[in-house]
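Notes follow once the structure below has been shown.
The values are calculated or read from the model by the stated rules, or taken from the named source; none is laboratory data. Just so we're clear, the structure is a prediction, and the values are computed from it rather than from any experiment. No Cβ is skipped: glycine too gets one built from the backbone with ideal geometry, and neighbour counts run over all protein chains shown. Please note that ligands, DNA and RNA were not included when accessible areas were found on the heavy atoms of the full protein model with its side chains. Shrake-Rupley method; radii C 1.70, N 1.55, O 1.52, S 1.80 Å.
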Amino acid sequence: MLSVNIPVYNVEVIDLVNELYNQATKLSIDFEIRVYDDGSDEIFKSLNRIVKSKANVVYKEMEKNLGRASIRNKMGAESVFDWLLFIDADSKVIKPDYLKNYLEHKTANRVLCGGTAYSKQKPADSEKLLRWTYGTKREAVSASARNQSKGFIITSNNFFIAKELFNQVHFREELREYGHEDTLLGYDLYCAGVEIFHIENPLEHTGLESAQAFLKKSCLALENLKKIGEELLDGDRMFYRQVNFLRKYSQITFIIPSRFVGRIFRKYRSKMESNLKGNRPSLFYFDLYKLGYYASIKNR
């Protein structure tokens, strides 16, 4: 019935696998848990290899890093059951009926998104405050609010899909770098007439990066977003209207020329980074930072 897919890169997943295994066993269903290591350091592989001792757990190590899109496609293709659940490795199950919730809502032409939660307690490490603040304010959104923003946005860290559907519409492997591979998948599903439905079934995101790492990943994601819009989708207007960031960017640069926005970014980048790496990071500055960076790469 259910194939749970957990791609792993430099994360320990023993507790996550154990919790999912226990929930699936209590449901008395046919299941498997696939754990594919995508080129982690040896210290993480040596820790995670213990999970293959469990029945119904398939553990594999890739010879080289395939990337976020390719590893998920490989797992989906090799899964043996009719329903696929994709989970990021840096996640924590916080609901005892997590798997049951998905199975009760399953529908063939519908993708289910469970959402993301964050610890209510601020991280002790001040370097992780930006990631935690962004997560709690922007990502930890209720299912009802997510369903109100009609469109195609999904998140790859916690979604449920029929294998038959995933065989038809899966991640595009042209995207090798980090970011927005799930946005593009959502767009392709939306264009194929698939319903994207959000339910209250979150996983807690535990892998908080430092502000420096988060800013770097955010910039990589914007590079990918530019590639999607300009190269893969050739300026598709619906894509630009539906992606909140691109819509805001278009509105702002309609009034303020993008070259001017880029120049402002270059002038004040270090000051914004000082705030974002500090003890009271401002999401307003983070929004300006992303808009400015996007303007700078648009004008290369």
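Classify the range 46-181 as rounded, prolate or oblate from the Cα gyration tensor: take a ≥ b ≥ c as the square roots of its eigenvalues, call it rounded if a/c is under 1.5, otherwise prolate when a/b beats b/c and oblate if not. Rounded. In the range 1-55, Rg over Rh equals 0.99, where Rg is the alpha-carbon radius of gyration and Rh the Kirkwood radius from pairwise Cα distances.
The solvent-accessible area of R176, taken with every protein chain present and a 1.4 Å probe, is close to 120 Å².
Between S210 and E195, residue separation times 0.36 nm minus the direct Cα-Cα distance comes to 1.9 nm.
Rounded if a/c is under 1.5, else prolate if a/b beats b/c, else oblate: with a ≥ b ≥ c from the C-alpha gyration tensor eigenvalues square-rooted, which is the range 29-85? Oblate, because a/c is 1.5 or more while a/b does not exceed b/c. Rolling a 1.4 Å probe over the protein heavy atoms gives the range 1-132 an accessible area of 47 Å² per residue. Note on T25 and R280: their simple-model spin labels are 5.0 nm apart, each label 7 Å out from Cα toward Cβ.
Pairs from the table (K216/K277; K74/K217; K60/K106) lying more than 19 angstrom apart at Cα are K74/K217; K60/K106.
Rounded if a/c is under 1.5, else prolate if a/b beats b/c, else oblate: with a ≥ b ≥ c from the C-alpha gyration tensor eigenvalues square-rooted, which is the range 95-250? Oblate is the answer for the range 95-250, as a/c is 1.5 or above yet b/c matches or exceeds a/b. Computed from Cα positions, the angle between helix 258-276 and the longest principal axis of the chain comes to roughly 60 degrees.
So, with a 1.4 angstrom probe, what is the percent of accessible area on the range 43-169 that is carbon and sulfur?
Answer for the range 43-169: carbon and sulfur cover 50 percent of the accessible area.
For helix 283-298, report the angle its Cα long axis makes with the longest principal axis of the Cα atoms of the chain; keep it between 0 and 90° and round to the nearest 10°. It is inclined by approximately 80 degrees. Between the range 225-300 and the range 176-219, the alpha-carbon centres lie 18 Å apart. For the range 1-103, the relative contact order is 44 percent, taking Cα pairs closer than 8 Å that sit 6 or more residues apart in sequence and dividing their mean separation by the residue count. Mean residue ellipticity at 222 nm, helices only, the chain: -14000 deg cm²/dmol; runs of at least 4 DSSP H residues each add -39,500 (n - 2.57), and the sum is divided by the number of residues.
Please compute the contact order of the chain in relative form: average sequence separation of alpha-carbon pairs under 8 Å and at least six residues apart, divided by the residue count, as a percent.
Once divided by the residue count of the chain, the mean separation gives 19 percent.
For the range 167-300, the solvent-accessible area with a 1.4 angstrom probe is 54 square angstrom per residue.
The simple spin-label model puts a point 7 Å past each Cα toward its Cβ; for E61 and F260 those points are separated by 5.6 nm.
Once C-alpha pairs closer than 8 Å and six or more residues apart are averaged by separation and normalised to the residue number of the range 80-230, the relative contact order reads 40 percent.
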